Each structure stands twice: as structure tokens, then as C-alpha cells.
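Just so it is clear, none of the values below were taken in a lab; they were calculated from the coordinates. Not measured: the values here are computed from a predicted model. Please note: Cβ atoms are built from the backbone with ideal geometry, for glycine as well, and neighbour counts cover all protein chains shown.
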Amino acid sequence: MNKDDDIVDLEQEFYNSFDKERMLAYFDFTFPKGALPGLCKLSKPKEAQAKSTYFSAIFIIDTPDDGTFNEVSSYVKNINWDNFRNYLPGFNSVMSMPYAGTRTEIYFLEADIFIDMTIDIPKQFVLHKLYPSIEKVTGFKAGKLVFWDDMRDDKGDEGAAETHQSFFQKFKGIRSLKELFK
């Protein structure tokens, strides 16, 4: 086996995850130390991809210099993900995966939150259970929750898919969260 076959491109895996999951919602937040801006994307596996019930939370935090990047990295390593047991019904476990690529001006963290119940994941569960649980467990000050379906217009599924793809294509090459929404 060639040693190169064992190498996993984490950045490519990050972008591939958008093809495997259905976007539910997103919200902006403020990192507790230094008031750094962030964005969190919430999604679930597409039905054809689902082998278990989980929510994927991808956190994107502005880290304009090495000091703030290291501060965010240190803070994230100390989040007690098991605290979801106190707030989220059916909580099982979390698989937390910080972005381990080359140091950039944006810190990425994915946290897959597994639950022991099969649910249709209604908006009310996301709004009243998942969203506040994330804020309590992470300590991030969450902004307004925006549901992805509420952003769709009358173009039908094709138009929504184009909007969805263009939104996430902006992740590549951005240097700050402000650039994401230009």
C-alpha cells in the first residue's frame, strides 16, 4: 500500500460533508473570550445517508492572528461535551473534530451530536432543545437562529439547491466571516 493512500485530506472531507447532510439552520455567535465573531451551521444526515441519528454542528470562528487562534483552540479542547446530558433529550455522545489543517484566519470545529431517538427533527426540537443546549454547553453567546427552509423562495428545490451550494462555496478561500456574506 502506498503511504499516500493513507493520507486523509481533512479540508476535502469538510467540504464533502455538505453533500451528505441536509442543512437545518444556522446562527451567528460570539466567542466568550475576546468577543470573536462566529457562525454555526446545523445539519442532519440526508435520509439515504443516515445510519444513526445525529446533528452536525460546524462552528466557524474568526481568528485574525496566532494568539486568538491558539486561544480558541485551547478553549474548544476544554468544552465538556458530555454536559449535553443535562439539556438535550436522548443525548448519547459527541464526536468533536477540530480542523487540523494549516493555520488560517478562521478556526473550524465540527461536533457531531448523537441522540438515541429517531425523530423527524422538527423545527421546535431544534429551536427549543438543540439550539439552547449548544449555547449552554459551549459557552458561546448565540445570535438569532435562522432556519434554512425559511430562506428558500418560490424557485422550487432546484433554486434552493443552487442557493445552498453558492452559500457554502463561499467557505473556500474566505479570510474572515465578513467575506462570507458579501
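Take the Cα of ASP116, step 7 Å toward its Cβ, do the same at ASN83, and the gap between the two points is 2.2 nm.
In this label model, SER96 and ASP150 are separated by 2.8 nm, measuring between points 7 Å along each Cα→Cβ vector.
Note on GLN124 and GLU105: their simple-model spin labels are 4.4 nm apart, each label 7 Å out from Cα toward Cβ.
Pull out the extension gain between LYS136 and SER74, defined as 0.36 nm times the separation in residues minus the alpha carbon to alpha carbon distance; nm, one decimal.
Additional length available on full extension: 20.5 nm.
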